[in-house]
1. Taking 25 °C and 0.890 mPa s as the conditions, I'd like the Stokes-Einstein D for region B:1-147 in µm²/s, using the Kirkwood hydrodynamic radius from alpha carbon pairs.
2. Quick one: angle between helix B:153-185 and the longest Cα principal axis of chain B, in degrees between 0 and 90, rounded to 10, please.
3. Using Cα pairs closer than 8 Å and at least 6 residues apart in sequence, work out the relative contact order for chain A, in percent.
4. I'd like the distance between the alpha-carbon centres of region B:49-128 and region A:1-22, rounded to an integer number of Å.
5. Before rounding to the nearest 500, sum -39500 (n - 2.57) across all DSSP H runs of length at least 4 in chain A and divide by the residue total; then give [θ] at 222 nm in deg cm²/dmol.
6. Roughly speaking, what is the stretch gain from residue B:86 to residue B:59, that is 0.36 nm per residue apart minus the C-alpha to C-alpha distance, in nm to one decimal?
7. Add -39500 (n - 2.57) for each DSSP H run of 4 or more in chain B, then divide by its residues: what number comes out at 222 nm, to the nearest 500 deg cm²/dmol?
8. Based only on Cα atoms, what Rg/Rh ratio does region B:78-151 have, Rh being taken as Kirkwood's radius?
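What follows draws every value from the coordinates through simple rules; no lab data is involved. Keep in mind it's a predicted model, so treat the numbers as computed, not measured. We place every Cβ from the backbone using ideal geometry, glycine too, and count neighbours over all the protein chains shown.
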């Protein structure tokens, strides 16, 4: 496993998800802020793209039907997040 | 419904295993002001919130707290990695070894197990939002205590991220509290389980 590459891709995803989390909480108390909403939607699109790229290399990020898996069932493969 | 995402919210690294620090950090896992308390408190309080916005905020912050609980678990896991029984004894954490080995458990630094007594739900939006704001401040202060006592820069990077989240959550809860109070100022009275126009 190319750990450095995985960590770099993961970091980009974590950065963009952080943007989305922060904007999500802000929008919860400022739902009419159009600029923040636009930023949130841009972040959400970027996350979808980054997730697809990450999952193509390292397998599903989400369980219960929110990610596709190659054969054999990739969800059971490590490392798990606390082991990375 | 919740879906698991196979990643941490923010990277968790340690410079080297450190049982004494693990014993301190564990309070943010199962202590009174830890992340388990936070996530359960908010997710449980949302059912009696008067506005959809407040239900959303408690759902989202409660969910983020679950991700923080996972970060604290990862931190303890890495700080304990490779420790021998003797190491636990020398760190003064022999209770952890004896009862849990390398398994995680919901306790505070003093070994007191997690209790539902740490969290409240009065069903009154003002009371519950003020409790949430106090909880964020208590967690912030605890993270400051941990950062002050730790000289591991990798650990401190994780602790500082979590510290910052407490500040943001406090801000958002404060905004929600203002909204509820403004609504009440327009002659809406909390009458047991719902708002009613005052006469």
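1. Values: Rh = 16.2 Å.
The estimated diffusion coefficient comes to 151 µm²/s.
2. So the inclination is approximately 10 degrees.
3. 25
4. Between the Cα centre of region B:49-128 and that of region A:1-22, the gap is 25 Å.
5. -22000 deg cm²/dmol
6. Working: separation 27, 0.36 × 27 = 9.72 nm, distance 4.29 nm.
Extending this stretch completely gives an extra 5.4 nm.
7. -20000 deg cm²/dmol
8. Details: Rg = 16.6 Å, Rh = 15.1 Å.
The Rg/Rh ratio comes out at 1.10.
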